[in-house]
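Here the structure is laid out as structure tokens; the discussion comes afterwards.
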Amino acid sequence: MRITRLTRAELPVDTTELARFLIGKVVIRDLPEGRISGRIVETEAYLHGDAAAHSFIGETPRNRSLFGERGHAYVYVSYGIHRMLNVVGGSPGVGTGVLIRAAEPLEGIELMQARRGLSDVTDLARGPGKLAQAFEITLGLSDIDMTAEGPLWLGRIDRPAGEIGVSVRIGITKEADRPLRFYERGSKFVSGRKVLNI
DNA sequence: CGGCTGATGATCT
DNA sequence: GATCATCAGCCGG
């Protein structure tokens, strides 16, 4: 499989556009055991001045990397159990990001199955917590540059994204009506309730 | 399949 | 001490 690395310059500065742009792109996790990769099929944008965004309360030790450079990773722990992978958007100091919610497994499927304790390929990375478990996303990966060579990076393959659907974001209560979730229509690898995936 | 709920711990006040 | 950008497991239809 031929994967070419995304450059920072080609990532849209507008974070909503970035969330849309990342659909159909590939997230790659290089481990000593081998490569895990998946095609991104679902994202959510978290914007500046957005009460649902972690950056809304200002910079803290936890969300510091969210205020970093576009294309870097922001990883945090959700509900004490799950890690969430975000791609930092915008410009340094702003605090916007794109949550990677689901991916279609491409490479390293056996590694993912082992990490997840599950064989069903459609469920390996369908949801942000599942994706992080399958891709072995750790807090130590937070702040790394995903447009540079390293253990976690972004790429493209010769397969365009399908039609992109838009819905409200999942699992939030503040600013819950904003259409900032993007997904590939018809993909079996997208999370969320059926009504959100039309 | 859809709806509900407990688990679980880092983080901030 | 309250709040979570979630998930697995369980239950009813």
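Here are the numbers for this structure:
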quantity	calculated
Complete set of residues in the stretch A:103-141 that are closer than 12 Å to residue A:75 by Cα, within 14 Å of DNA strand B (Cβ to nearest atom) and either basic (Lys, Arg) or not in a helix (DSSP H, G or I) (or both)	A:138
Spans of strands (runs of 3 or more DSSP E) in the stretch A:142-198 with at least 3 residues basic (Lys, Arg)	none
Elements of type strands (runs of 3 or more DSSP E) contained in the stretch A:16-102, each with 3 or more residues being more than 9 Å from DNA strand C (Cβ to nearest atom)	A:26-31, A:34-46, A:82-89
Lone unmet requirement of (1) under 30 Å from residue A:64 (Cβ atoms); (2) among the basic types (Lys, Arg); (3) touching a residue at least 60 places away in the same chain (Cβ under 8 Å) for residue A:159	(1)
Close pairs from the stretch A:19-34: first in contact (Cβ under 8 Å) with a residue 60 or more places away in the chain, partner part of a helix (DSSP H, G or I) and surrounded by 19 or more Cβ atoms within 10 Å (Cβ to Cβ), Cβ under 8 Å, at least 6 apart	A:31/A:111; A:33/A:111; A:34/A:111
Test: residue in the stretch A:63-72 that is in contact (Cβ under 8 Å) with a residue 24 or more places away in the chain and under 25 Å from residue A:188 (Cα atoms)	no
Single residue of A:34, A:80 found to be on the phi > 0 side of the Ramachandran plot, modelled with pLDDT under 95 and not hydroxyl-bearing (Ser, Thr, Tyr)	A:80
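The values are calculated or read from the model by the stated rules, or taken from the named source; none is laboratory data. What you see is a predicted model, and the numbers here were worked out from it, not measured in a lab. Neighbour counts are summed over all protein chains in view; Cβ atoms, including those assigned to glycine, are modelled from backbone coordinates with ideal geometry.
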